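Have a look at the structure below before the remarks.
The values are calculated or read from the model by the stated rules, or taken from the named source; none is laboratory data. None of the values given here were measured: they were computed from a predicted structure. FYI the Cβ positions are ideal-geometry reconstructions off the backbone, even for glycines, and counts take in every protein chain you see.
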Amino acid sequence: MNLDFSPEDAAFREEVRRFIADNYPASLRGKQDEGEELAKEDYLSWHRVLAKKGWVAPAWPTEYGGPGWTSTQRYIWSEELARADAIPILPFGINMVGPVIYTFGTPEQKQRFLPPTLSGDIWWCQGYSEPGAGSDLASLKTKAERIQGDDGKEYYLVNGQKTWTTLAQHADWIFCLVRTNPTAKIQEGISFLLIDMKSPGITVRPIITLGGEHEVNEVWLENVKVPVENRIFEENKGWTCAKFLLAHERSGIAGVARSKRGIERIKSIATVESEDGRPLIQDPFFARKVAELEIDLTALEFTELRVLASESAGRGPGPESSLLKIKGTEIQQRITELVLEAAGHYGAPYFRGFPTDGHNMFPIGPDYAHRAAPTYFNGRKTSIYGGSNEIQRNIIAKMVLGL
Ligand SMILES: Cc1cc2nc3c(=O)[nH]c(=O)nc-3n(C[C@H](O)[C@H](O)[C@H](O)COP(=O)(O)OP(=O)(O)OC[C@H]3O[C@@H](n4cnc5c(N)ncnc54)[C@H](O)[C@@H]3O)c2cc1C
């Protein structure tokens with residue numbers, strides 16, 4: 001692996017840094033500074049800027065609209081996005097279903113779905129989990145039966161419930177795992193369907209999280225008619241697409257560059273004089289926690305660089321993505337814990353949208369403290385989604401240690 005930064009890489013870093021500084025939407029920056037919840041248009045405004053530039057899908061092959069960057073350039077890009085505190089591009093279209101479509105889709109499916117996924121005209125959500133199928137995903141029950149439509153075309157009639165569906169309230173399309181053969185071995189009776197969220201029979205119900213946010217949903221499907229041509233890959237072979245997608249999902253979850261930025265933030269918070277007149281970083285227990293975090297993050301960074309180098313040599317993400325997922329999410333959670341610790345009593349939960357009785361409902365203390373508790377609560381999800389960390393440990397035990 002060669003990941004030294006060459007003069008060309010340094011020039012590339014300069015170019016992307018300038019581009020982000022000149023083009024990151026000012027309206028978005030304002031909302032982030034105020035800690036406001038982002039609307040669909042906010043997410044899309046940055047997506048569209050990058051799509052126009054041809055930089056929205058760094059890992060896609062050039063023939064489908066990727067920029068043709070090396071693994072080092074992709075790494076620099078993610079570092080610069082984190083450095084600028086730019087919002088991440090949502091993964092559902094770009095990191096998840098896009099690669100499934102260009103790997104397993106027909107030419108017609110690629111032509112129909114890839115360009116609007118890149119441009120942001122299709123907002124995707126992920127319909128994998130069900131109330132009885134999370135870690136044990138293959139036991140999913142949402143049923144898809146073949147029927148003949150009045151128009152003579154073949155359809156699937158889909159019935160079931162998906163849950164924890166992130167940002168489904170904004171989605172134009174959902175990619176779903178459905179059961180097309182109830183009698184086969186469970187992994188062999190699943191298909192991968194693309195479903196228009198405007199189809200009659202789809203209901204989205206919000207789930208409000210501990211952090212007080214509307215981020216996840218239940219999605220109910222009642223007699224939803226889906227054209228057979230919306231199935232990716234062969235009928236009953238959807239598990240192959242599902243596994244491929246999960247490996248891509250996990251490697252994106254490591255978030256090394258953002259965690260680096262998070263540690264920098266902790267350091268700057270901890271060097272400010274606290275109430276007892278002593279900067280927190282002078283507390284040896286706190287300083288040790290920060291140092292341990294940094295060491296773990298550096299080790300993770302080199303693992304991620306190795307995985308990127310192997311991907312650029314043509315090998316897809318394997319069980320290493322489980323390793324990246326576990327360590328990456330543990331570090332992200334430790335960062336939110338340290339920010340909350342630094343906030344001390346100012347970090348007592350304050351939620352946007354709380355009814356006020358005229359007093360005592362406005363946040364007090366330093367700015368960073370206002371979002372400390374909601375961010376801490378929100379961060380608990382990272383060791384659960386994308387396949388829980390316990391399940392990733394099982395994968396490593398089997399695939400790496402051969403147990
Ligand atoms: C914020 C958030 C967003 C999400 N977004 C989406 C989304 O957009 N789309 C989607 O499809 N899903 C989404 N998910 C769902 C997520 O993928 C599941 O929550 C996850 O796979 C775990 O499944 P579960 O919640 O059913 O827990 P369960 O599978 O019931 O697990 C409960 C606990 O038991 C442990 N456990 C289970 N089996 C084993 C085992 N064999 N060995 C050891 N331990 C085990 C788990 O680690 C966990 O701690 C999201 C989840 C969250 C929290």
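Among the residues making up region 140-168, none is crowded, with 16+ Cβ neighbours inside 10 Å, more than 16 Å from the ligand (Cβ to nearest atom) and of a type in the set (V, I, T). If you go through region 18-32 and pick out every residue that is under 15 Å from V56 (Cα atoms) and assigned to a helix (DSSP H, G or I), you end up with 3. Looking at (1) out of contact with any helix residue (DSSP H, G or I) (no Cβ under 7 Å at 6 or more places or on another chain); (2) closer than 30 Å to L137 by Cα, which one does E320 not meet, given that it meets all the others? In the conditions (1) out of contact with any helix residue (DSSP H, G or I) (no Cβ under 7 Å at 6 or more places or on another chain); (2) closer than 30 Å to L137 by Cα, E320 misses (1) alone.
You will find that of G347, G386, the residue that is over 30 Å from A287 (Cα atoms), at pLDDT below 90 and touching a Gly at 6+ places or on another chain (Cβ under 9 Å) is G386 and no other.
Of the residues that make up region 99-109, is at least one within 16 Å of the ligand (Cβ to nearest atom) and surrounded by 14 or more Cβ atoms within 10 Å (Cβ to Cβ)? Yes, there is a match, as at least one residue in region 99-109 is within 16 Å of the ligand (Cβ to nearest atom) and surrounded by 14 or more Cβ atoms within 10 Å (Cβ to Cβ).
Look at region 386-401: where a residue is within 25 Å of E130 (Cα to Cα) and a partner is outside any helix (DSSP H, G or I) and within 11 Å of the ligand (Cβ to nearest atom), sitting 6+ places away or on another chain with Cβ atoms under 6 Å, you get S388/S135; I391/S135. Scanning for something at pLDDT below 85, β-branched (V, I, T), more than 16 Å from the ligand (Cβ to nearest atom) and farther than 29 Å from P58 by Cα, does region 351-359 turn up at least one residue? Yes, because at least one residue in region 351-359 is at pLDDT below 85, β-branched (V, I, T), more than 16 Å from the ligand (Cβ to nearest atom) and farther than 29 Å from P58 by Cα. Tell me yes or no: at least one residue of region 22-40 is at pLDDT 95 or above and of a type in the set (A, V, I, L, M, F, W, C). The answer is no, given that none of the residues of region 22-40 is at pLDDT 95 or above and of a type in the set (A, V, I, L, M, F, W, C).
Note on region 300-317: residues that are exposed (fewer than 15 other Cβ atoms within 10 Å of the Cβ) and either hydroxyl-bearing (S, T, Y) or more than 18 Å from S71 (Cα to Cα) (or both) amount to 0.
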